[in-house]
Amino acid sequence: MGCPGAGKGTQSALLLKKFPFKHISTGDVLRKEIASKSELGLQISQIINSGNLVPDELMIAMLEKIVESSEQGIIFDGFPRTVKQAEALDEMLNRFHKEISAVIMIDLPEEEVVDRIVSRRQCKACGAIVRVNSKNPATHCEACGGELFSRQDDTAEKAKHRLNVYYQDTLPVKQFYSNTGKYFVVNGNQTPEQVFGDIQKIIEAVK
Ligand code: AMP
């Protein structure tokens, strides 16, 4: 868990290098649906571009298929984003005889968020996330040479709206998990490697 720009995607990528998890980024799943130019993709595109959340029912139905067919441990990146989704996830995992090992909140001060979002770029080829600024005005991925792009919902105005949506709809999810004994907070205002070090300790402890 974490607000937009907290580093969920970056940390998921680092986790995948170290552990045999399946990574489900609901944002990526939705963006793929948009890229397929389906009718559903068109509807989703409007929602994402407005910075609002895609309806719970749709998200839950999309996730169910993936969870049911997965044999590996799963990193949920960007899900659940509402209490209703958290409740549905519990119900779904029970049904499939699976359970949550850890809910990790990457905590980031509000003043960092917008700056991080407007300066982030993603590689079209490998999906890596990088930050650009005057010192690093990169246009291509250092790792694979792919072209970097800025997400359509990564403007300052949309980032502020997404942050409001986060406070209103997603922060209550923190309450949902905080008394389960499985809720952990890491400081997201460190280098990606330091954040990863903290997350790795949690994963090792709950394994
Ligand atoms: P992300 O890539 O996680 O930043 O997600 C980008 C956008 O996809 C969000 O602003 C939402 O519009 C939508 N989205 C991603 N995950 C969810 C979710 N679990 N529930 C509803 N909408 C979502």
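No value in this document is a laboratory result; all are computed from the given coordinates. Keep in mind it's a predicted model, so treat the numbers as computed, not measured. Cβ coordinates were reconstructed from backbone atoms using ideal geometry, including for glycine residues, and neighbour counts include every protein chain displayed.
Quick notes on this structure:
- Gaussian network model of the chain, Cα within-10 Å springs - most flexible of Asp90, Asp169, Asp153: Asp90
- Ordered by the count of other Cβ atoms within 10 Å of each Cβ, fewest first, Glu147, Glu64 give Glu147, Glu64.
- Of all the options Val29, Val113, Val83, the one that moves most in a Gaussian network model of the chain with Cα springs shorter than 10 angstrom is Val29.
- From helices alone, the chain scores -15000 deg cm²/dmol at 222 nm; the rule is -39500 (n - 2.57) for each run of n ≥ 4 DSSP H residues, then divide by the residue total.
- Cα-based shape type of the chain, given that a ≥ b ≥ c are square roots of the gyration tensor eigenvalues and the cut on a/c is 1.5: rounded
- Sequence-separation-based contact order of the chain, relative, with Cα cut under 8 Å and 6+ spacing, percent: 30 percent
- Likely footprinting exposure, Thr155, Thr10, fewest C-beta neighbours within 10 Å first: Thr155, Thr10
- Highest-MSF residue in the chain out of Glu157, Glu99, Glu111 [GNM, Cα springs under 10 Å]: Glu111
- Counted by neighbouring Cβ atoms within 10 Å, the residues Phe21, Phe149 run from fewest to most as Phe149, Phe21.
- Seen through its C-alpha gyration tensor, with square-root eigenvalues sorted a ≥ b ≥ c, the range 54-108 comes out oblate because a/c lies at 1.5 or above while a/b is not bigger than b/c.
- Summarising the label geometry, the points placed 7 Å from Cα in the beta-carbon direction at Gln43 and Asn136 lie 3.9 nm from one another.
- Members of Lys158/Lys201; Lys65/Lys174; Lys17/Lys84; Lys124/Lys207; Lys37/Lys65 lying beyond 28 Å, as alpha-carbon distances in this model show: Lys158/Lys201; Lys17/Lys84; Lys124/Lys207
- Rounded if a/c under 1.5, otherwise prolate or oblate - the range 1-63, Cα gyration tensor axes: prolate
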